[in-house]
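No lab work stands behind these numbers, since they all come straight from the coordinates. Quick caveat, the model's predicted, so the values are computed rather than measured. Here Cβ is always computed from backbone atoms with ideal geometry, including for glycine, and neighbour counts include all displayed protein chains.
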Protein chains: 2
Amino acid sequence: MLQTIEVTKTSQKKTKPNHSELGFGKFFTDHMFTMDYSTDKGWHSPRITPYAPLTLEPSSMVFHYGQAVFEGLKAYRTADNRVQLFRPLKNVKRMNLSNERLSMPEIPEDLAMEALKNLIEIDKEWIPTEEGCSLYIRPFIIATDAFLGVRPSSTYKFMIILSPVGAYYNSGEQLQPVSIYVENEYVRAVRGGVGIAKTAGNYAGSLRAQTEAEKLGYDQVLWLDAIEKKYVEEVGSMNIFFKIGGKVYTPELSGSILDGITRTSVIELLEHWNIPVEQKRISVEEIFEASERGELEEIFGTGTAAVISPVGKLKWGERELTVGNGKVGQLSLDVYNTITGIQTGTVEDELNWTLKID
Amino acid sequence: MLQTIEVTKTSQKKTKPNHSELGFGKFFTDHMFTMDYSTDKGWHSPRITPYAPLTLEPSSMVFHYGQAVFEGLKAYRTADNRVQLFRPLKNVKRMNLSNERLSMPEIPEDLAMEALKNLIEIDKEWIPTEEGCSLYIRPFIIATDAFLGVRPSSTYKFMIILSPVGAYYNSGEQLQPVSIYVENEYVRAVRGGVGIAKTAGNYAGSLRAQTEAEKLGYDQVLWLDAIEKKYVEEVGSMNIFFKIGGKVYTPELSGSILDGITRTSVIELLEHWNIPVEQKRISVEEIFEASERGELEEIFGTGTAAVISPVGKLKWGERELTVGNGKVGQLSLDVYNTITGIQTGTVEDELNWTLKID
């Protein structure tokens, strides 16, 4: 039987920010969800309470040994004023894969889904209605034992916080291409490591390369495999797709790549459109060769924040290439418009991806 | 000029635990050190206050993107009742190397050293006097921006907490050999990653393999290189040494191995004793071959917690070897007795490793 989520509503609602100042992940709603885990009780005390700081011992394991996993998804308001989520069960399932890799306890799927739905229902007036805006949802789990021995924590907190976010691309503009630096020194992950998990440490480890690429004038980093430094893995914190000679390619899930939900959705959408997609090992050399042959048509990243992020330029050592004269390709646009249309209810959800909340 | 550390002492000292219940990292002293960082002010407000929980926003970056580094060292009480630290400046310097890799701000070495000394002076009555016991010191830095965008935090907290710890080996016993499982699926780190940094994520990633090794009946895991899965990297969260045919070997710092302070000290001590030590790439195959030739004399791990941890057994796929009939070797014992003797003041500190506090 599903545990009952206890609800305590705030007595003092916050002033909502104007959509022009939203940005990403800066503002948080009036409530949050929390539940606790202990080895003896399992997950217990699920509750929605006013958004408030956490109080943790300085020795809490999350600060020292990094057992921390998270997810990111969005709630959208449709034109007919309904609230919907995009494939939320996939996030819950992936969170449990991350939990497994990090020796953290599995969360009950149905309870996590109830928590998501209830929390968003309570704070639904925070979902921005302006084009491109949405309510970003951040479920996360942290280890809370007050103990410095290296072993899995015996207590955890699972929380969900909500943040109204602005349009990723400036209004009035369609997608904007980004310039990418192919990273040859630092690596994101390696097979046998934690690259397949959405865990805090992966992001901490990626910052240095990102900062250095920015200093060189590039927007983001393309990660190569850690072993041969030849094969494409991810771009920034997104998965990556290539359109070459009419066919679409994306790196296969090799054991070090995050299994992105937008990635899966793009693959399914392309298949639905009868456009061939191949998941395989892709070398940077192949990409440059395709470009030289004039067959490299499009490159784009996929992720929850931007949905689709077209790549305009790729810098690899001394070599540089421009994709499609630096303009955004038609497939990138079609995929972007279709997925965001399904998310916001303006395009029919033929693939049954959305979940209505109210 | 060094910033002044403001001191607020507790009005209510805690009851100190009996040394028999100490264990490791379970109890914390009466005070802690904290200082804050912001991009505009730099490191500021260094202070010693009563030990107390932290209050952090649920969106604090440490919970999500894992910018967290730490150090571990110990304070010892000598027979003539003085307090000393073991090579503490090396920890401060390594913390700054970790900071650099994780895009975190450098801490001022002299201020960190002052903080260590002042905090330990204030809580020195917590240093256990029983044999093998000490005061474990845990400096750590966490990212505190209340923000969900992936970029380096602009605010941090540097803290030092202290924990009286019991003897690693049971009293009356000398060193005890451990059994080791050579891990062939999971990896700890790869060159270009964060293995060289003492950062939270490395420890989270290691738990799964450790748990699985324990289930198979082994005490700890031997980590291999991530690329060829042939070469020895670390053992558990320690560095590793091999004595083969009269000579000592330890894996060279390849870009994925933590530069351990006990490791360095063992190398320096052996050189001081005119025992040859070679830092090189060492394959597991070589170790098994040396064992078959009857030349594998000793294996031991080195780290702050255990100082020296002799390896008695090594399991690698279907192969298994026993080191020195499962008994602790003479070199392991000599190194252990000398280093712990220097730490506690019973052996002359010829290499000038200790720092007296009072």
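Candidate cross-link partners of B:Lys14 among the lysines, defined by an alpha-carbon separation under 18 Å and a same-chain spacing of 8 or more, comprise B:Lys26, B:Lys124. Counting neighbouring beta carbons within 10 Å and listing from fewest to most, the residues A:Tyr181, B:Tyr65 come out as A:Tyr181, B:Tyr65. Shown for chain A is the translational diffusion coefficient from the Stokes-Einstein equation, using the Kirkwood radius over Cα pairs, a temperature of 37 °C and a viscosity of 0.692 mPa s: 153 µm²/s.
When the range A:6-167 is described by a simple charge dipole with +1 on each Lys and Arg Cβ and -1 on each Asp and Glu Cβ, the residue from A:Asn91, A:Pro17, A:Thr144 located farthest towards its positive end is A:Pro17.
Here B:Glu285 and B:Asp259 are evaluated by their C-beta separation; at R0 = 25 Å the FRET efficiency comes out at 0.50.
For q values of 0.08, 0.10, 0.11 Å⁻¹, compute log₁₀ I(q)/I(0) with the Debye formula on a Cα-only model of the protein assembly as shown, without solvent. Here the Debye-derived log intensity ratios amount to -0.67, -1.02, -1.20.
Loop-located GluC sites (Glu not before Pro) in the range B:2-94 (DSSP state not H, G, I, E or B) with no more than 15 neighbouring Cβ atoms inside 10 Å do not occur.
Taking the Cα centre of the range B:69-158 as reference, the dipole from Cβ charges on Lys and Arg (+1) and Asp and Glu (-1) amounts to some 280 debye.
When the Cα convex hull of the range A:6-167 is projected onto planes of every orientation, the mean area is 10.0 nm². Placing a pseudo-label 7 Å from each Cα along the Cα-to-Cβ vector at B:Thr211 and A:Lys247 gives an inter-label distance of 4.1 nm.
Placing unit charges on the Cβ atoms only, positive for Lys and Arg and negative for Asp and Glu, gives chain A a dipole magnitude near 720 debye about its Cα centre. Both the radius of gyration and Dmax for the range B:47-93 are 16.4, 49 Å, in that order, over alpha-carbon atoms. With the cut-off at 1.5 for a/c, could you classify the range B:262-358 from its C-alpha gyration tensor as rounded, prolate or oblate? Prolate, since a/c reaches 1.5 and a/b exceeds b/c.
Name all residues of the range B:96-137 having a backbone nitrogen under 11 Å from the label point set 7 Å from the Cα of B:Asn18 along its Cα→Cβ direction, giving them as ranges. Once the point is set 7 Å along Cα→Cβ of B:Asn18, nothing inside the range B:96-137 turns out to lie under 11 Å by backbone N.
In terms of surrounding Cβ atoms within a 10 Å radius of their Cβ, B:Ser206, A:Ser291 rank from fewest to most as A:Ser291, B:Ser206. Between A:Ser38 and A:Glu109, the modelled label-to-label distance comes to 2.9 nm, taking each label 7 Å out from Cα in the direction of the beta carbon. Each copy carries a label point for B:Glu320 at 7 Å from Cα along the beta-carbon vector; from one copy to the others these points are 6.0 nm apart, nearest first.
When B:Glu348 is represented by a point 7 angstrom out along its Cα-to-C-beta vector, the spacings to that point in the other copies are 9.2 nm, nearest first. For the range B:178-344, the Cβ-based charge dipole about the Cα centre amounts to some 260 debye (Lys, Arg positive; Asp, Glu negative; other atoms uncharged).
Each part reduced to its alpha carbon centroid, the range A:1-57 and the range A:273-299 end up 44 Å apart. According to the Kirkwood relation over distinct C-alpha pairs, the hydrodynamic radius of the range A:178-344 is 15.9 Å.
Ranking B:Pro310, A:Gly42, A:Thr262 by how far each Cα lies toward the positive end of the dipole of the protein assembly as shown (charges on Cβ) leaves A:Gly42 at the top. Sorted ascending by nearby beta carbons within 10 Å, beginning with the fewest, B:Thr34, B:Thr129 become B:Thr129, B:Thr34.
Take B:Thr129, push a point 7 Å out from Cα through the beta-carbon direction, and compare it with the same point in every other copy: 7.4 nm, smallest first. One equal scatterer on each Cα of the range A:127-217, no solvent, Debye formula: the resulting log10 I(q)/I(0) at q = 0.10, 0.16, 0.18 Å⁻¹ is -0.49, -1.04, -1.13. Suppose each label sits 7 Å from its Cα in the direction of the beta carbon; what would the A:Lys230-B:Glu295 distance come out to in nanometres? Result for the modelled spin labels: 3.5 nm.
Axis between A and B by rotation; chain A residue with nearest Cβ and distance in whole Å recorded as A:Gly201, 1.
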